[in-house]
Amino acid sequence: MNIGDKVRLLRAKEQGVVSRFLPGDMIEIEIEDGFRIPVMRSELVSVSPLESERLLKTNTYAPQKTAAPAAPVILSNQGIYLGFLPVNDREYTLHLINNTDWEFAYALGEESAAPGGGVQFRGLHSGLLKPKSQQKMNDLYVHAQFENWPTFVVQGLWFRAGKSSLRPPLIKRFKARATTFFKQKMTLPVLNLPGFQTQLDEDTTVPGKPGEGSSQQQAASVTPAQLKMTTIRPDELKAEMLKPKSGPMSVSIERPASIVDLHIEELLPNGSGNRTPADLLKLQLDTFERSLENAIASGMSDVTFIHGIGSGALRSELHRRLGQHPNVKFFEDAQKQKFGYGATKVTIK
């Protein structure tokens, strides 16, 4: 059972589409009214195309009945994957998979470090994926060269004929990590073959539904006070650890702000003095590392870093470290209307 599959309840009349998997063997499904409800996996059964076809057939000898109004169509809104299909024991082919009921116009490329610094982009493929379809890319990726795999970038637009909600464009970056990516082989949607996958749209929502909103609306609610960073000073942490206590030692980790500004004028409001560019870059990277670890330790689900555009050196190094961090689920450009490509949102596992 995958995200986007149509299912029905064993003990009720409702049916819907799998939207996500929850802890404790629970599954969240989206029913006809657009609401999402949690259901035990044991209470669900998949609705196969063959079953749907047989249910529609009527007995030719039965008396004619008035046809009831058709139920609203249930759309599968999520299910865009990057899939890696093994060709042999050392090579993989890359597939872009659309397991939704929407048409998906896409552009796929790679980001890697440029020889002179910064980031360079290489376009790989573009096209239109019909619902429940996939596209194989031309390049082969070798397992032995895994650490040199680039950051994959997927940009896409949604389309469905007729009346539907306007969906924001999808822009996602994905950097595979050997520590987590190859741990579990699974059946790839649409292909129905064993491989490795990552879902690109698992945190996106369709506007217009109760309790949901776009990322742009959520970003607009950030106040200037949230832009200031809260960190633990090393001398304070050392004094706290050396302080005698009657009970077990406990060090509190202060929760950082949801948006951390790494601009030098924010980190050094009184000026940089005689510090060299290398010293300033080290200060920015140390602040980034400390804020990220504090966010992970305090249980935050995401944190955004404002790094600016400049030469691209700081952004490139941040993305390289994020791609290798075991506690980072994925990262993407954030608040493009406000910062362009000068901010990165990090989603924590």
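When you scan the range 266-278, how many residues do you find that are part of a helix (DSSP H, G or I) and either surrounded by 12 or more Cβ atoms within 10 Å (Cβ to Cβ) or at pLDDT 85 or above (or both)?
First pass over the range 266-278, keeping only residues part of a helix (DSSP H, G or I): 266-267, 277-278.
Restricting the remaining residues to those that are either surrounded by 12 or more Cβ atoms within 10 Å (Cβ to Cβ) or at pLDDT 85 or above (or both) gives 266-267.
Qualifying residue count for the region: 2.
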- Item | Per-region count, the range 1-51, residues surrounded by 13 or more Cβ atoms within 10 Å (Cβ to Cβ), aliphatic (A, V, I, L, M) and over 25 Å from the mean Cα position of the chain (by Cα) | 4
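Taking the range 88-126 as the search range and keeping residues that are open to solvent by less than 30 Å² (accessible area, probe 1.4 Å) and small (G, A, S), which one is modelled with the lowest pLDDT? Break it down stepwise before answering.
Our first condition is that a residue be open to solvent by less than 30 Å² (accessible area, probe 1.4 Å); within the range 88-126, this holds for 92-102, 104, 106, 108-111, 114, 118.
So of that shortlist, the ones also small (G, A, S) come out as 109, 114, 118.
On the way: G109: 91, A114: 77, G118: 74.
Among those that are open to solvent by less than 30 Å² (accessible area, probe 1.4 Å) and small (G, A, S), it is G118.
How do the strands (runs of 3 or more DSSP E) wholly within the range 1-51 filter down when requiring 1 or more residues that are within 15 Å of Q78 (Cβ to Cβ): which remain?
Values: elements: 6-9, 15-22, 26-31, 36-40, 44-46.
Qualifying strands (runs of 3 or more DSSP E): 6-9, 15-22, 26-31, 36-40.
Determine, yes or no, whether G79 is in contact with a Pro (Cβ under 8 Å, 6 or more places away or on another chain), small (G, A, S) and closer than 27 Å to R36 by Cα.
Numbers: in contact with a Pro (Cβ under 8 Å, 6 or more places away or on another chain): yes; small (G, A, S): yes; closer than 27 Å to R36 by Cα: yes.
It is true that G79 is in contact with a Pro (Cβ under 8 Å, 6 or more places away or on another chain), small (G, A, S) and closer than 27 Å to R36 by Cα.
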- Task: Please specify each residue of the range 322-349 satisfying the condition of being of a type in the set (D, E, K, R), exposed (fewer than 15 other Cβ atoms within 10 Å of the Cβ) and either over 15 Å from S301 (Cβ atoms) or modelled with pLDDT of 90 or more (or both).
- Result: K338
- Name the single residue, out of those in the range 301-320 being surrounded by fewer than 18 Cβ atoms within 10 Å (Cβ to Cβ) and at pLDDT 85 or above, that is farthest from I348 (Cα to Cα). E317
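Restricting to strands (runs of 3 or more DSSP E) lying wholly in the range 78-163: which have 2 or more residues that are more than 30 Å from G312 (Cβ to Cβ)? Lay out the reasoning, then the answer.
Numbers: elements: 80-86, 91-98, 103-113, 119-129, 133-142, 151-159.
It comes to 80-86, 91-98, 119-129, 133-142.
For the range 305-349, name all the residues that are among the hydroxyl-bearing types (S, T, Y) and under 13 Å from the mean Cα position of the chain (by Cα).
Taking the range 305-349 first, the residues among the hydroxyl-bearing types (S, T, Y) are 311, 316, 341, 344, 347.
Correct list: T344, T347.
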- Can you tell me which residue in the range 137-160 is most open to solvent (accessible area, probe 1.4 Å), limited to those that are aliphatic (A, V, I, L, M) and at pLDDT 90 or above? L157
- Query: Which ones in the range 284-298 are of a type in the set (G, A, S) and open to solvent by less than 20 Å² (accessible area, probe 1.4 Å)?
  - Reply: S291, A295
- Are there any pairs, at least 6 apart or on different chains, whose C-beta atoms fall under 8 Å, with the first in the range 273-300 and more than 17 Å from S316 (Cα to Cα) and the second among the basic types (K, R) and modelled with pLDDT under 85, and if so, which? N294/R255; A295/R255; S298/R255; M300/R255
- Message: Kindly evaluate L262 against the criterion of being modelled with pLDDT of 80 or more and either open to solvent by 60 Å² or more (accessible area, probe 1.4 Å) or closer than 29 Å to R320 by Cα (or both).
- Response: yes
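Just wondering, is there one or more residues in the range 62-73 that are modelled with pLDDT of 85 or more and open to solvent by less than 60 Å² (accessible area, probe 1.4 Å)?
Filtering the range 62-73 for residues modelled with pLDDT of 85 or more gives none.
Within the range 62-73 (the criterion being modelled with pLDDT of 85 or more and open to solvent by less than 60 Å² (accessible area, probe 1.4 Å)), the answer is no, since none of the residues qualifies.
The values are calculated or read from the model by the stated rules, or taken from the named source; none is laboratory data. Please read these numbers as outputs of a predicted model, since none were measured by experiment. Cβ atoms come from the backbone with ideal geometry, glycine included; neighbour counts cover every protein chain shown. We work out accessible area using only protein heavy atoms, side chains counted, and drop any ligands, DNA or RNA first. Shrake-Rupley method; radii C 1.70, N 1.55, O 1.52, S 1.80 Å.
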